[in-house]
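Asker: Shown below is the structure under consideration.
The values are calculated or read from the model by the stated rules, or taken from the named source; none is laboratory data. All values derive from a computational prediction rather than experimental measurement. Cβ coordinates were reconstructed from backbone atoms using ideal geometry, including for glycine residues, and neighbour counts include every protein chain displayed. Just the protein is used for accessible areas: all its heavy atoms, side chains included, with ligands, DNA and RNA removed. Shrake-Rupley method; radii C 1.70, N 1.55, O 1.52, S 1.80 Å.
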Amino acid sequence: MNKLALTAALIGSLVFTPVVFAAPVSKGEVTKVDTRRNRVTVKHGPLDNLEMPAMTMVFEVSDPAMMDRLTVGRAITFTADRVEGKLTIVEIE
């Protein structure tokens, strides 16, 4: 087998696996919903990506459609991040 054919065979046999990073998630309980301001108050566990301990705090919600699923007392698993300087829930599982 010539070098070109061998190289092509080796490249063809490589399996590329995309690297997937798990989004930092936290669990919490909704304590207040403010649909007018697109905000929700959550009593949550530690937010490791934001270096915050467990506490109760107000978050912006990145997608107003998420507000339809939020009710006081509901347990949620969510991802929060800083968006334009504001603590924001960017995903709810």
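Asker: Using a 1.4 Å probe on the protein heavy atoms, what percent of the accessible area of region 19-93 belongs to carbon and sulfur?
Answerer: On the way: 2460 of 4780 Å².
Within region 19-93, the accessible surface is 51 percent carbon and sulfur.
Asker: So what does LYS43 come to for accessible area, using a 1.4 Å probe and Å² rounded to 10?
Answerer: The accessible area of LYS43 comes to roughly 120 Å².
Asker: At 10 °C and a viscosity of 1.306 mPa s, what translational diffusion coefficient does Stokes-Einstein give for region 31-71, taking Rh as the Kirkwood radius over Cα pairs? Give it in µm²/s as a whole number.
Answerer: Details: Rh = 10.8 Å.
Translational diffusion coefficient: 146 µm²/s.
Asker: Residues of region 21-56 with amide nitrogen under 19 Å from the 7 Å Cα-to-Cβ point of THR71?
Answerer: Output list for this probe position: 28-36, 39-43.
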